[in-house]
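Peer 1: Below: one structure in structure tokens.
The values are calculated or read from the model by the stated rules, or taken from the named source; none is laboratory data. Remember, it's a predicted structure, so these values are computed and weren't measured experimentally. Here the Cβ positions follow ideal geometry from the backbone for every residue, glycine too, while neighbour counts run over all protein chains shown. Note: areas computed on protein heavy atoms with side chains; ligands, DNA, RNA excluded. Shrake-Rupley method; radii C 1.70, N 1.55, O 1.52, S 1.80 Å.
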Amino acid sequence: MRPLAHFKTITHHRHLVRKYCFAVGLYWRGLTHDLSKYSPTEFWRGAKYYQGSFSPTQQERREQGYSLAWMHHKGRNRHHFEYWTDVSPVTRQYEPLEMPTEFFVEMCMDRIAASRTYLGDRYQSGAPLEYLLKAGDNRWMHPATARKLRFVLTMLRDKGEEETFRFIREVVLAGKPFAEEEI
């Protein structure tokens, strides 16, 4: 059990997300990001499976075959694409839904902050994109959400945070179309 180390890690991560959300004008999303990580279901599992270099939910999944902390987390935090699935009235199958803009942007900030948190001094602006591409199977992410996420994370890699955050403020949050074509 590493409760103090886990607390420091999740708090550092939340502070980074808040900073990034504030930079693009998403104040409430920044303030309320990942509060469920302090709930007993998520916190104590996080402390038990804490490694420091990657998410404790990955370790819990390795050891248990599933992660109760993750299932709790994704069901309460709308910035995870996994939250956005529902049964289609047409196909009667679970299908991904396109994420609303504010949660999409929070997801982008979450991915940047997670990469910075776990990579520390080894962080480079291409890390969030590399993680997305390495993870591979995103069949539960709506195709439009996936295109937009790849677009934003590619911009981050190629142009850096300042330009990407400006683009998010002026284009994404303004509701202007982008990533209409696969990059």
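Peer 1: Just for segment 38-65: of the residues that are of a type in the set (Phe, Trp, Tyr) and within 19 Å of the chain's Cα centre (by Cα), which one is most open to solvent (accessible area, probe 1.4 Å)?
Peer 2: 38
Peer 1: Look through 102, 130, 161 and report the one residue that is without any contact (Cβ under 8 Å) to a residue 40 or more places away in the chain, open to solvent by 30 Å² or more (accessible area, probe 1.4 Å) and charged (D, E, K, R).
Peer 2: Just one listed residue meets the conditions, 130.
Peer 1: Let me ask something else about it. From the list 92, 76, which one is at positive phi and either open to solvent by 20 Å² or more (accessible area, probe 1.4 Å) or without any contact (Cβ under 8 Å) to a residue 60 or more places away in the chain (or both)?
Peer 2: 92
Peer 1: Are any residues in segment 160-183 of a type in the set (D, E, K, R) and farther than 18 Å from residue 133 by Cβ, and if so, which ones?
Peer 2: Scanning segment 160-183 gives 161, 162, 163, 166, 169, 170, 176, 180, 181.
Peer 1: Out of 23, 113, 69, I need the residue that is assigned to a helix (DSSP H, G or I), open to solvent by less than 60 Å² (accessible area, probe 1.4 Å) and touching a Pro at 6+ places or on another chain (Cβ under 8 Å). Which one?
Peer 2: The conditions single out 69.
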